[in-house]
1. Using alpha-carbon pairs under 8 Å, 6+ residues apart, how would you state the relative contact order of segment 8-69 in percent?
2. Using 0.36 nm times the number of residues separating residue 53 and residue 22, minus their current alpha carbon distance, what extension gain do you get?
3. Once you sort the root eigenvalues of the Cα gyration tensor of segment 8-69 as a ≥ b ≥ c, which label holds: rounded (a/c under 1.5), prolate (a/b larger than b/c) or oblate (the other case)?
Amino acid sequence: MLRPERGGFELIAESKEKIPTAKIVAISGGGLIGRDQYWPTARSFGADVRLRKPFAYHARLSAVERARAGRN
């Protein structure tokens with residue numbers, strides 16, 4: 001569940017706390033520091049795979065498959 005008052009990192013941490021086996025695909029479009037700068041932090045909060053914006057439909061499917069298979 002996405003909560004507007006929470007950021008993505010908090011959502012990842014909360015999700016992993018509630019469901020430790022959950023597979024999480026972190027999606028980043030960049031923001032103020034650049035899209036590649038978010039990945040190490042997202043990973044430390046529990047994200048399994050990253051998906052960079054913009055992305056095509058097949059890239060989204062591939063990210064989900066990688067997360068399910070345990071591949072970054």
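Throughout, read-outs are computed from the coordinates displayed, never taken from laboratory work. The shown structure was predicted, so the numbers you read here are calculated from the model rather than taken from an experiment.
1. Relative contact order comes out at 37 percent.
2. 9.0 nm
3. In terms of gyration-tensor shape, oblate.
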